[in-house]
Every structure is written in structure tokens, then in C-alpha cells.
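Peer 1: Let me begin by handing over the structure; questions about it come next.
The values are calculated or read from the model by the stated rules, or taken from the named source; none is laboratory data. Keep in mind that this is a model prediction, so the values were computed, not measured. Ideal geometry is used to build each Cβ from the backbone, glycine not excepted, and the neighbour counts take in all protein chains shown.
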Amino acid sequence: MTAAPISAAETAAEEVVLYEVRDDIALVTMNRPEYHNAQNSAMTYALDAAFRRACDDNDVKVIVLRGAGKHFSAGHDIGTPGRDVDKSFDRVSLWYDHVDKPGGEFLYAREQEVYLGMCRRWRDMPKPTIAMVQGACVAGGLMLAWVCDLIIASDDSFYADPVVRMGIPGVEYFAHAYELNPRLAKEFLFLGERMSAERAERMGMLNRVVPRAELEAETLAIAGRIAKMPRLGLQLTKQAVNNVEDLMGKRSAMEMVFGLHHFAHVHNELVSGDKLGGYDARAMASSQRVESQREEAKE
């Protein structure tokens, strides 16, 4: 089996993202379990390097994205010791560095690169991708699952985009009205509450839901069956379906909502002095626990 060479950047990134090939399946693993795989820039750029490595390897037919530990991903890093929003990285698009930019330009330039730009490029990877989701898939975690072609989930996984609490209309890769129908997307965002795996599957957001103990085996079995298909046939089929979504307005909708998202950031800063409306990781996690307890009390 041939493998693409590993760059110095990829070697340094192995701490936050692990890369493994089993037969013709690449396993890309987010590896910040102590922070529920919250995505800082180091992880995002490491994911980009891992996906590029898998796409460059002719022996890889399918890419599986997963998270180490209890949770797939708790979203963007808004409060761990590894938060690196003020750090410069070697960029992978033509967007300029955000670090020394004033006002709203700071986050606008950063998120064009690391959120909207990377996620849209990952969606268009020429190989089938599968998200293997357990536990929390929240806010920025949704973006990572939604860029994948299939989502196989454990029965204890849950899904939420609570950022409306910050006065922000959903995460940057705004696919809500395509992953759910528009009325359910409004409920999902207005309430910011957890959606169970059972309901997410029923609404069409997930492909399969299995017991957690069977998640890896089921995901790899599906990846193995896909890998038996001809490479070009898979690529053309993926391209066809993605193009249909874009003809339905998906890409244009993301551009529009991205502008609203950044208007909200600037408004928050003008009103409260904080781009996130006063929420940090602890406050957001606490709000989610309150909602979860309320739902459990109803049952």
C-alpha cells in the first residue's frame, strides 16, 4: 500500500488529529477528548491536512471522521486552555491573516478560512466521507458531521445548535434548512434544545442509528461496502447530489447567512463588548445542561 508523504505540519498536528488507514478506509480522529473534541484552529488545520492526505492516497477509497472519547464534538473552542483564535496559521485559502485586523474584519477573515471555506471544501472532497458520531454533536460539531456524505450515529448521540442564545443565527456552515425541513430547522434553532438520535434519524439527518458498542463495526462495514464501488462512479455520484443541493440554493443560502452571522458578532461587540454576547464555554455548557434536565423532567 502506498501512502502520501507526511509534512512537518501534519506530524505536529498528530496530537490533536490522528490518522490511520485500515485496508482502503482512512480513519481521521479528532483527539481532544478531555475537551470533548472542541475545535480550535490547530485541530481545524490538522483536519484539513488529514483530509488532503486521504484524498492524495490512491489506495484510500472512503474517509471516516470520528471523535476520541465520549463525544464526537462539543463545537468550536470558546474557552479551553488551547483556544487559539489570536494565533496565525499557514492558511490554505487565499484569505489573508486575520490576527492584526480591526473590528469585524478580525472574525470575518478568520471564519471565511477556518469555518465556511474549509467546510465547503471538505464537503466537496472527491471521496465518500462518513461521520461516526457518538455523544455530543453540538454547534461546530454539526458542521463537521454535515459536511460528510453519510452520518452513522450511536443511539446515545444528541444534536444541538444553541448559538441563538448569543444572538447569532446558527453556526457558520448554515445547512440547517437542508439537513432538516425549514419548520424543524426553526424549532431546532429557536429552542436550542438537544435533538435525540432517534428523532434526528426520523427527520432524515442521520443515515443509521446503532448501539454505541456497535458503532465502529457498523460504520466500518458500511465504509467497506462503499469502498467496493468504482472510484470515479463514487466521485461523480457525490458531485451530482452536491450539485443538486447547490441548485436548490444551499451555497447561496450559506453566503447570505454568513453575512448575518457576522453582523450579529459586530452587534454583540457594540452592545456588550463581547463578540459572543457574553457566553463562554462554561456558560454555554451550563445552558445545555439546564435544557437537558428540563427535557428529562418532562419525561
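Peer 1: Based on what the data block shows, is residue 137 in contact with a strand residue (DSSP E or B) (Cβ under 7 Å, 6 or more places away or on another chain) and closer than 21 Å to residue 185 by Cβ?
Peer 2: Answer is yes for this residue.
Peer 1: Is there any pair with a first residue in region 88-112 that is more than 21 Å from residue 274 (Cα to Cα) and a second that is assigned to a helix (DSSP H, G or I) and among the polar types (S, T, N, Q) whose Cβ atoms are under 7 Å apart and which are 6 or more apart or on different chains, and what are they?
Peer 2: 89/41; 95/112
Peer 1: Residues in region 169-183 that are within 24 Å of residue 48 (Cβ to Cβ) and touching a residue at least 40 places away in the same chain (Cβ under 8 Å): how many?
Peer 2: Matching residues across region 169-183 total 7.
Peer 1: Identify all residues within region 179-212 that are more than 17 Å from residue 131 (Cα to Cα) and in a helix (DSSP H, G or I); write none if there are none.
Peer 2: 182, 183, 184, 185, 186, 187, 188, 189, 190, 191, 199, 202
Peer 1: Which of the residues that make up region 204-250 are crowded, with 16+ Cβ neighbours inside 10 Å and aliphatic (A, V, I, L, M)?
Peer 2: Once the filter is applied, which keeps residues that are crowded, with 16+ Cβ neighbours inside 10 Å and aliphatic (A, V, I, L, M), region 204-250 yields 205, 206, 209, 210, 215, 220, 222, 223, 226, 227, 234.
Peer 1: If you don't mind, there's one more thing I want to ask. Give me the residue from region 1-33 that is at pLDDT 50 or above and among the β-branched types (Val, Ile, Thr) and, out of that set, surrounded by the most Cβ atoms within 10 Å (Cβ to Cβ).
Peer 2: Filtering region 1-33 for residues that are at pLDDT 50 or above and among the β-branched types (Val, Ile, Thr), the one surrounded by the most Cβ atoms within 10 Å (Cβ to Cβ) comes out as 17.
Peer 1: Within region 101-113, is there a residue that is under 25 Å from residue 56 (Cα atoms) and under 12 Å from the mean Cα position of the chain (by Cα)?
Peer 2: The answer is no; no qualifying residue exists.
Peer 1: Here are some conditions: (1) touching a Gly at 6+ places or on another chain (Cβ under 9 Å); (2) more than 18 Å from residue 142 (Cβ to Cβ); (3) aliphatic (A, V, I, L, M). Residue 27 meets all but one. Which one does it not meet?
Peer 2: (1)
Peer 1: List, please: which pairs have Cβ atoms under 7 Å, are six or more places apart or on different chains, and start with a residue in region 233-259 that is within 28 Å of residue 169 (Cα to Cα) and of a type outside the set (Asp, Glu) and end with one that is exposed (fewer than 14 other Cβ atoms within 10 Å of the Cβ) and at pLDDT 95 or above?
Peer 2: 242/124
Peer 1: Of the numbered conditions (1) over 11 Å from residue 142 (Cβ atoms); (2) in contact with a strand residue (DSSP E or B) (Cβ under 7 Å, 6 or more places away or on another chain); (3) surrounded by 17 or more Cβ atoms within 10 Å (Cβ to Cβ), residue 198 satisfies every one except a single condition; which is it?
Peer 2: Here residue 198 clears every test but (3).
Peer 1: Can you say whether residue 130 is among the β-branched types (Val, Ile, Thr) and touching a residue at least 60 places away in the same chain (Cβ under 8 Å), as far as the supplied structure shows?
Peer 2: So residue 130 passes the test.
Peer 1: Moving on to the next point. Does residue 257 satisfy the condition of being buried (at least 19 other Cβ atoms within 10 Å of the Cβ) and not in a helix (DSSP H, G or I)?
Peer 2: no
Peer 1: What about residue 156, is it in contact with a Ser or Thr (Cβ under 6 Å, 6 or more places away or on another chain), of a type outside the set (Lys, Arg) and surrounded by fewer than 19 Cβ atoms within 10 Å (Cβ to Cβ)?
Peer 2: no
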